[in-house]
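The values are calculated or read from the model by the stated rules, or taken from the named source; none is laboratory data. This is a predicted model, so every value here is computed, not measured. Backbone-built Cβ (ideal geometry, glycine too); neighbour counts: all protein chains shown. Accessible surface is based on the protein model in full, side chains and every heavy atom, while ligands, DNA and RNA are left aside. Shrake-Rupley method; radii C 1.70, N 1.55, O 1.52, S 1.80 Å.
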Amino acid sequence: TLPLGATEEMLLGTLNLQRVLDQQQVAFQPGILHKADGGVLYVDEVNLLPDNLVDLLLDVSASGVNIVERDGVSHSHDARFILLGTMNPDEGELRPQLQDRFGLSVQLDNQYSVDDRIEIVRLREAFDSDPEHFLAQCAQQQQALTLSIEEARTRLVQVQCHEQHRAMIAKRCHAAQVDGLRAEIV
């Protein structure tokens, strides 16, 4: 998760000051991009990110590599991740360059059915009363989901996109007036 108010150092990584002080050794302290490699980078209120962080995020997401050269540290590592963000459009627009990094956009509302509302509150109460027990009850389902995702990742290289599907995807993106080609690529 990239929190609101994050710094460049939190995102990219920086000099490990504790190691410098304790061992007089220059070392890299990984940032959020290092932790996100191979997974998901979640950004809440993505439209409120400062421009400098948006620029850094764009550079790294385009190249898949995070390069840090500062404070006597020269370090690079893979940073391939799925970018997932939420935003409230009433709080400002998303920069077009960043919007192009998202392959799917979903507009949500907070209107739940009565049954859904009851179930959400019931689950929240169960978690609040005993988080460990709640998580243990969900562990098998979470493990099955994790295995399913891992299997899908290995099978992805075998997936073929036929021309009729490419045409259908392109037509839908054109009809939705999607900027860029990220949606088709995803």
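Out of (1) more than 17 Å from R182 (Cβ to Cβ); (2) in a loop (DSSP other than H, G, I, E, B), the odd one out for L135 is which?
Against the list (1) more than 17 Å from R182 (Cβ to Cβ); (2) in a loop (DSSP other than H, G, I, E, B), L135 comes up short only on (2).
It is to be established whether one or more residues within the stretch 94-117 are more than 27 Å from G31 (Cα to Cα), part of a loop (DSSP other than H, G, I, E, B) and modelled with pLDDT of 90 or more.
Just the residues of the stretch 94-117 that are more than 27 Å from G31 (Cα to Cα), to begin with: 106-117.
Applying the additional criterion that residues be part of a loop (DSSP other than H, G, I, E, B) yields 106-113.
Filter once more, keeping what is modelled with pLDDT of 90 or more: 112-113.
Yes.
Out of the stretch 33-84, which residues are within 10 Å of the chain's Cα centre (by Cα), closer than 15 Å to T7 by Cα and in a loop (DSSP other than H, G, I, E, B)?
D44
Mind checking which residues of the stretch 104-152 are under 24 Å from V40 (Cβ atoms) and touching a helix residue (DSSP H, G or I) at 6+ places or on another chain (Cβ under 6 Å)?
If the condition is that a residue be under 24 Å from V40 (Cβ atoms) and touching a helix residue (DSSP H, G or I) at 6+ places or on another chain (Cβ under 6 Å), then F127, F134 are the ones that fit.
What residue, among those in the stretch 7-32 that are closer than 14 Å to A79 by Cβ and either in a strand (DSSP E or B) or at pLDDT below 65 (or both), is least open to solvent (accessible area, probe 1.4 Å)?
Taking the candidates together, the pick is G13.
Of the residues R95, R124, R153, which single one is of a type in the set (K, R) and farther than 27 Å from V60 by Cβ? Please lay out each step first, then the result.
Values: R95 fails: farther than 27 Å from V60 by Cβ; R153 fails: farther than 27 Å from V60 by Cβ.
So the residue among R95, R124, R153 that is of a type in the set (K, R) and farther than 27 Å from V60 by Cβ is R124.
Go through (1) farther than 27 Å from Q177 by Cβ; (2) of a type in the set (G, A, S); (3) at pLDDT 90 or above one by one and return the number of the condition G85 breaks.
The one condition G85 does not meet is (1).
Failed condition for V106, given (1) surrounded by 10 or more Cβ atoms within 10 Å (Cβ to Cβ); (2) within 21 Å of F81 (Cα to Cα), with all others met?
Of (1) surrounded by 10 or more Cβ atoms within 10 Å (Cβ to Cβ); (2) within 21 Å of F81 (Cα to Cα), only one is false for V106: (1).
Examine the stretch 128-151 for a residue that is modelled with pLDDT of 95 or more, of a type in the set (D, E, K, R), over 30 Å from G103 (Cβ atoms) and open to solvent by less than 100 Å² (accessible area, probe 1.4 Å), and state whether such a residue exists.
yes
Among R166, R117, R155, R124, which is touching a residue at least 12 places away in the same chain (Cβ under 8 Å) and either in contact with a Gly (Cβ under 8 Å, 6 or more places away or on another chain) or open to solvent by 100 Å² or more (accessible area, probe 1.4 Å) (or both)?
R166
What residue, among those in the stretch 66-87 that are of a type outside the set (D, E) and more than 20 Å from V40 (Cα to Cα), is surrounded by the most Cβ atoms within 10 Å (Cβ to Cβ)?
Filtering the stretch 66-87 for residues of a type outside the set (D, E) gives 66-68, 70, 72-77, 79-87.
Filter once more, so that each one left must be more than 20 Å from V40 (Cα to Cα): 68, 70, 72-75.
Numbers: V68: 23, R70: 13, G72: 8, V73: 15, S74: 11, H75: 18.
Checked the stretch 66-87; the qualifying residue surrounded by the most Cβ atoms within 10 Å (Cβ to Cβ) is V68.
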